1. Which of the residues belonging to region 15-29 are more than 21 Å from SER240 (Cβ to Cβ), over 12 Å from the mean Cα position of the chain (by Cα) and not small (Gly, Ala, Ser)?
2. From the list ALA109, ALA133, ALA144, ALA115, which one is hydrophobic (A, V, I, L, M, F, W, C) and within 16 Å of VAL182 (Cα to Cα)?
3. Could you check how many residues of region 230-242 are in contact with an Asp or Glu (Cβ under 8 Å, 6 or more places away or on another chain) and either without any contact (Cβ under 8 Å) to a residue 24 or more places away in the chain or surrounded by fewer than 21 Cβ atoms within 10 Å (Cβ to Cβ) (or both)?
4. Suppose we filter region 85-109 for residues that are free of Cβ contacts under 8 Å to residues at least 60 places away in the same chain and either under 22 Å from ILE120 (Cβ atoms) or in contact with an Asp or Glu (Cβ under 7 Å, 6 or more places away or on another chain) (or both); how many remain?
5. Of the conditions (1) crowded, with 24+ Cβ neighbours inside 10 Å; (2) of a type in the set (A, V, I, L, M, F, W, C); (3) in contact with an Asp or Glu (Cβ under 8 Å, 6 or more places away or on another chain), VAL126 fails just one. Which one is it?
6. Restricting to region 1-16, and then to whatever is of a type outside the set (A, V, I, L, M, F, W, C) and assigned to a strand (DSSP E or B), can you tell me which residue is farthest from GLY228 (Cα to Cα)?
7. Report the residue count in region 1-39 for those that are surrounded by fewer than 12 Cβ atoms within 10 Å (Cβ to Cβ), closer than 17 Å to ALA61 by Cα and in contact (Cβ under 8 Å) with a residue 40 or more places away in the chain.
8. Is there a residue in region 62-71 that is aliphatic (A, V, I, L, M) and closer than 22 Å to ALA245 by Cα?
Amino acid sequence: MQLHTRDALNYFTFHSFPNGAPAHAVFGRGGGVSPQPWASLNMSTSTGDTLENARANRRRAFGALGLSYESMADVWQVHSADTVRVNGPNHGGEPIKADGLITDQPGVALFLRFADCVPILYFDPVHHALGIAHAGWRGTVNGAAASPLKAMAEAYGSRPADLIVGIGPSIGPDHYEVGAEVTAAVRRAFPGPEGLLIEREGRTYFDLWAANAHALREAGVEQIEVAGICTACHTGHFFSHRAEAGKTGRFGAVIALR
């Protein structure tokens with residue numbers, strides 16, 4: 001990924017996405033208005049921070065990309081593998097429970113929030129369609145990565161082989177220690193999960209990056225960029241639920257057709 005700084009905000013873009021199309025970013029945590037422990041570009045209204053701060057931070061982020069805040073489409077994230085199609089902004093509307101969004105409409109900015117879970121961004125340059133997904137361990141084992149692919153194929157005729165997909169910053173395998181419940185779920189979802197579950201000094205770690213990349217490849221995606229940036233390693237740049245013991249904010253990821 002490539003780091004950018006604009007209006008005191010830091011954000012990252014994928015090298016593999018064509019320059020300027022689509023507009024997209026995974027934002028860092030700096031340059032916002034929120035106080036500790038949400039300092040400072042917290043984009044979530046469910047962390048204890050005020051609604052006014054979260055909205056102000058979202059406006060700053062959208063402005064840094066030259067996007068209208070009113071173009072935002074989001075969902076109520078529930079660690080599912082559900083994807084919804086949106087044809088227009090739903091800012092201020094009744095939230096839909098899901099963890100993926102797709103659109104082919106210019107002027108609609110797909111937006112989700114993260115703090116260790118995996119941001120996955122999708123671009124179909126043939127049908128000019130987009131997607132975004134939020135994949136924690138539950139979403140990963142239940143197919144959150146493939147869900148937007150299926151939805152885009154049904155809605156727009158997208159072919160996985162045509163898509164460019166980026167896996168953004170999230171907790172890395174060196175820090176994501178998991179217990180028996182997660183280990184069992186991973187083994188059910190990924191038979192023979194060599195490399196996905198890492199045993200070290202009597203502890204088990206789950207590689208969310210490799211698991212989601214594997215799921216994408218199995219679904220037919222050929223162009224996958226993995227950021228390889230661990231949020232727990234870089235709490236100066238990103239919020240990390242695990243590294244900060246749950247007392248933290250959420251950074252945002254955005255993708256939109258110009």
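Laboratory data are not the source of any read-out in this text; all were calculated from the coordinates shown. Quick caveat, the model's predicted, so the values are computed rather than measured. Here the Cβ is made from the backbone with ideal geometry for all residues, glycine too, and neighbour counts use every protein chain on show.
1. Initially, region 15-29 is screened for residues more than 21 Å from SER240 (Cβ to Cβ), giving 15-24.
From what is left, the residues that are over 12 Å from the mean Cα position of the chain (by Cα) are 15-23.
Across region 15-29, the qualifying residues are HIS15, PHE17, PRO18, ASN19, PRO22.
2. Working: ALA109 fails: within 16 Å of VAL182 (Cα to Cα); ALA133 fails: within 16 Å of VAL182 (Cα to Cα); ALA115 fails: within 16 Å of VAL182 (Cα to Cα).
Exactly one residue qualifies, and that residue is ALA144.
3. Number satisfying all stated conditions: 5.
4. If we filter region 85-109 for residues that are free of Cβ contacts under 8 Å to residues at least 60 places away in the same chain, which is where we start, we get 86-102.
Remaining after also requiring either under 22 Å from ILE120 (Cβ atoms) or in contact with an Asp or Glu (Cβ under 7 Å, 6 or more places away or on another chain) (or both): 86-87, 89-91, 95-102.
Going through region 85-109 one residue at a time, the tally reaches 13.
5. The single condition VAL126 does not satisfy is (1).
6. Let us first name the residues in region 1-16 that are of a type outside the set (A, V, I, L, M, F, W, C), namely 2, 4-7, 10-11, 13, 15-16.
Next, from what is left, pick out any that are assigned to a strand (DSSP E or B): 2, 4-6, 10-11, 13.
Details: GLN2: 12, HIS4: 17, THR5: 20, ARG6: 23, ASN10: 17, TYR11: 15, THR13: 13 Å.
Filtering region 1-16 for residues that are of a type outside the set (A, V, I, L, M, F, W, C) and assigned to a strand (DSSP E or B), the one farthest from GLY228 (Cα to Cα) comes out as ARG6.
7. Within region 1-39, the first condition is being surrounded by fewer than 12 Cβ atoms within 10 Å (Cβ to Cβ), and the residues that meet it are 2-3, 7, 15, 18-20, 36.
This time we only want the ones that are closer than 17 Å to ALA61 by Cα, so: 2-3, 7, 20.
The next check asks that each one be in contact (Cβ under 8 Å) with a residue 40 or more places away in the chain; those that pass are 7, 20.
Residues meeting the conditions: 2.
8. Taking region 62-71 first, the residues aliphatic (A, V, I, L, M) are 64-65, 67.
Next, from what is left, pick out any that are closer than 22 Å to ALA245 by Cα: none.
No; the residues of region 62-71 include none that is aliphatic (A, V, I, L, M) and closer than 22 Å to ALA245 by Cα.
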